[in-house]
1. With the requirement that a residue be farther than 14 Å from G22 by Cα and of a type in the set (S, T, N, Q), what does segment 34-56 give you?
2. Quick check on my filter: what residues within segment 23-41 are surrounded by fewer than 15 Cβ atoms within 10 Å (Cβ to Cβ) and either of a type in the set (D, E, K, R) or touching a residue at least 40 places away in the same chain (Cβ under 8 Å) (or both)?
Amino acid sequence: MVPRSSIRQTRRTSTSTAHRSGTCGLCRVKRLSGKVRMAVEDSLTESEKADGYILACQAEAESNVEIDA
């Protein structure tokens, strides 16, 4: 499980600050469980959203979240 405050940290080390706007998709990860909200999810297709993909740079955990990083 990834602690609520650590979702962004899971991929941040491999992306620069320019890639934290939710539009490039470099931080896309598969959410296995839990609930998140995202202010911006422009780089995700409807199919990816339905399959559980989230953007680590935008995801605000609403519960404990498990991701496939």
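1. Once the filter is applied, which keeps residues that are farther than 14 Å from G22 by Cα and of a type in the set (S, T, N, Q), segment 34-56 yields only S47.
2. Scanning segment 23-41 gives K30, K35, R37.
All of the numbers you see were taken from the coordinates with simple rules; none came from a lab. Source: prediction; values computed, not measured. Positions of Cβ are backbone-derived with ideal geometry, glycine not excepted, and every protein chain shown enters the neighbour counts.
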